[in-house]
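For reference, the structure is listed below as structure tokens.
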Amino acid sequence: MGIVLDPTKCFVTHPNEEVLEEYALYRLPEAFLAQVEEHLLLCESCQNTVAGTDSFVAALKIAANQPTPWKGFLPNLPNRTQLAPMALVILALVAIWPHPPELSAPVPVSLSSLRGSSVLASAPTGKPLRLSIDQPDLVPTGAYRLEVVDAAGAPIWKGRVSDIDGKFMATLSQPLKKGVYWIRLYGVNSELLREFGMLAQ
């Protein structure tokens, strides 16, 4: 844009620094151009001032073309107009992304109904279960294991049981879907000892 100069008022001795700067930057109005150039032909002091401005501008241009120290370490960052849509997309993804269900305490389920019985143990769906088997006729050895199968006999879960206060306990951390399940209790030699029915609903 440059400074506003009045061509009717000429400088008495030397052009001031603003005038010389405008001259060095090729922004000096035509009305002053011939007068300043004529002065510069004779004045070494003003020639030095213009040369200093030229050197400064040249140094700025060189610095602007130099790579920044972090260029190559950082990827090309998006500009401000690209960041806004990116932020909206990220917020939308966070809002609709399925969050993992909160872990809850296992729901206790007492197993007592045998296959063939009309009554099945009831268990909630979508929650971990704490299976409890009251079997006073079985000697606790720590070698018993449980297997959970669906109505078609496909295995769902396997694990060891713990003896706690005369009951066999096992935690089924995998939540079940709706349906009928069979819980099989195996002995030391992998023989099937008991089978219990359970309805998840």
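Throughout, read-outs are computed from the coordinates displayed, never taken from laboratory work. Keep in mind that this is a model prediction, so the values were computed, not measured. Cβ coordinates were reconstructed from backbone atoms using ideal geometry, including for glycine residues, and neighbour counts include every protein chain displayed.
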Q) Given H placed 1.01 Å from N in the peptide plane, which residues other than close sequence neighbours of residue 193 have an amide H under 5 Å from its amide H? A) 185, 186, 187
Q: Run the quick spin-label model on residue 174 and residue 125: label points 7 Å from Cα toward the beta carbon, then report their separation in nm to one decimal.
A: 1.7
